[in-house]
């Protein structure tokens, strides 16, 4: 048997075991949130999990019982540039200076 969307949504992010609903409150009235929706607070109940006893999920449940699949928001941070080649070139240059002269070595 496969999980329903709610059963899947309430799984712990660490251990993937189903969590337990420990609270519910009305969702704030913000753009993109259905009027009358509620927020279900889910806690991990797996004693072997590092997240045991902590809130692991907050799930928005609409008045008709549906759960929004995605929240469309802009990223709050810029993309991180890939500096791999630049760093490798600097490491190679440092190694060349230290092994073939031209670089500083500790005082002797």
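Can you find a residue in region 68-77 that is in contact with a strand residue (DSSP E or B) (Cβ under 7 Å, 6 or more places away or on another chain), at pLDDT 90 or above and more than 16 Å from residue 18 (Cβ to Cβ)? Write out each step before concluding.
The initial filter retains those residues of region 68-77 that are in contact with a strand residue (DSSP E or B) (Cβ under 7 Å, 6 or more places away or on another chain), namely 68.
Pick out the ones that are also at pLDDT 90 or above and you get none.
Within region 68-77 (the criterion being in contact with a strand residue (DSSP E or B) (Cβ under 7 Å, 6 or more places away or on another chain), at pLDDT 90 or above and more than 16 Å from residue 18 (Cβ to Cβ)), the answer is no, since none of the residues qualifies.
Only one residue in 42, 59, 33 is at pLDDT below 95, surrounded by 12 or more Cβ atoms within 10 Å (Cβ to Cβ) and touching a helix residue (DSSP H, G or I) at 6+ places or on another chain (Cβ under 9 Å). Which one?
On the way: 42 fails: at pLDDT below 95; 33 fails: touching a helix residue (DSSP H, G or I) at 6+ places or on another chain (Cβ under 9 Å).
Result: 59 is the single residue among 42, 59, 33 that is at pLDDT below 95, surrounded by 12 or more Cβ atoms within 10 Å (Cβ to Cβ) and touching a helix residue (DSSP H, G or I) at 6+ places or on another chain (Cβ under 9 Å).
Considering region 7-20 alone, what residues qualify as being out of contact with any helix residue (DSSP H, G or I) (no Cβ under 7 Å at 6 or more places or on another chain) and surrounded by 15 or more Cβ atoms within 10 Å (Cβ to Cβ)?
Of region 7-20, the ones out of contact with any helix residue (DSSP H, G or I) (no Cβ under 7 Å at 6 or more places or on another chain) are 7-17, 19-20.
Residues satisfying the conditions are 9, 10, 11, 12, 15, 17, 19.
The values are calculated or read from the model by the stated rules, or taken from the named source; none is laboratory data. Since the structure is predicted, the reported quantities are computational estimates derived from the model, not experimental observations. Please note: Cβ atoms are built from the backbone with ideal geometry, for glycine as well, and neighbour counts cover all protein chains shown.
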